[in-house]
Amino acid sequence: MTVTTLRTRALLPVLASALIVLSACGGSSSAGTAGTGGTTARTVKVNVTITAGKVTPAPTAVEAKKGDHVEITVTSDRADEVHVHGYDIEKPLVAGQPTTIDFDATQAGRFEVETHESEKVLFQLLVR
Ligand SMILES: [Cu+2]
């Protein structure tokens, strides 16, 4: 009995300092997850210009997470129509005027964003 009591007493300061370290750690990590994990919805902005049939920047895959807000701005030097496949959003393009399409990326998958008159693939939207 006496031996046990002595051991417990000897361990107490160690345990106390361990608890302080743990609570300090837990505090900072929970604050970290609250900051990054709470509201992850971002706005993914894509700017595309079509001049003389050339798409700038060159078509690539644009990644978004499910729930992100997507904002696509397209400027063409001629009248056209832009189409976001899958989400089936179409908008007319007026020559020289930027047109913005914005929506929430609610479905996962790979979707082509293209023009109908010039038949250009502007980019692929990859939602996961
Ligand atoms: Cu289309």
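The values are calculated or read from the model by the stated rules, or taken from the named source; none is laboratory data. Keep in mind the model is a prediction, meaning the values are calculated, not measured. Please note: Cβ atoms are built from the backbone with ideal geometry, for glycine as well, and neighbour counts cover all protein chains shown.
Going by what's in this entry, would K65 be described as surrounded by 12 or more Cβ atoms within 10 Å (Cβ to Cβ), modelled with pLDDT of 95 or more and in the same structural domain as S118 (by TED's automatic domain parsing)? Quick ask: steps written out before the conclusion?
Values: surrounded by 12 or more Cβ atoms within 10 Å (Cβ to Cβ): yes; modelled with pLDDT of 95 or more: yes; in the same structural domain as S118 (by TED's automatic domain parsing): yes.
Spelling it out, K65 is indeed surrounded by 12 or more Cβ atoms within 10 Å (Cβ to Cβ), modelled with pLDDT of 95 or more and in the same structural domain as S118 (by TED's automatic domain parsing).
Of all residues in the stretch 52-69, which are assigned to a strand (DSSP E or B) and more than 16 Å from the ligand (Cβ to nearest atom)? Spell out the reasoning first.
Filtering the stretch 52-69 down to residues assigned to a strand (DSSP E or B) leaves 54-56, 61-64, 69.
Of everything in the stretch 52-69, those that are assigned to a strand (DSSP E or B) and more than 16 Å from the ligand (Cβ to nearest atom) turn out to be K54, T56, A61, V62, E63, A64, H69.
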task = Output the residue which, of all residues in the stretch 101-114 that are surrounded by 13 or more Cβ atoms within 10 Å (Cβ to Cβ) and β-branched (V, I, T), is farthest from H69 (Cα to Cα).
result = V113
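For (1) surrounded by fewer than 16 Cβ atoms within 10 Å (Cβ to Cβ); (2) free of Cβ contacts under 8 Å to residues at least 40 places away in the same chain; (3) not assigned by TED's automatic domain parsing to the domain that holds A64, each residue gets a yes or a no:
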| position | (1), (2), (3) |
| --- | --- |
| S76 | no, no, no |
| A79 | yes, yes, no |
| H83 | no, yes, no |
| E90 | yes, yes, no |
| V94 | yes, yes, no |
| Q97 | yes, yes, no |
| H116 | yes, yes, no |
inquiry  = Restricting to the stretch 54-78, name every residue that is of a type in the set (V, I, T) and out of contact with any Pro (no Cβ under 9 Å at 6 or more places or on another chain).
reply    = V55, T56, T60, V62, V70, I72
ask   = Taking only pairs six or more apart or across chains, which ones have beta-carbon atoms under 7 Å, a first residue in the stretch 27-52 that is more than 30 Å from Q97 (Cα to Cα), and a second residue that is in a helix (DSSP H, G or I) and modelled with pLDDT under 50?
value = none
message = Exactly one condition in (1) more than 21 Å from the chain's Cα centre (by Cα); (2) surrounded by 15 or more Cβ atoms within 10 Å (Cβ to Cβ); (3) within 16 Å of the ligand (Cβ to nearest atom) is false for T49; which is it?
response = (3)
ask   = In the stretch 70-123, what residues are more than 15 Å from I50 (Cα to Cα), part of a strand (DSSP E or B) and either touching a helix residue (DSSP H, G or I) at 6+ places or on another chain (Cβ under 9 Å) or away from the ligand (no atom under 13 Å from the Cβ) (or both)?
value = V70, E71, D102, F103, D104, G109, R110
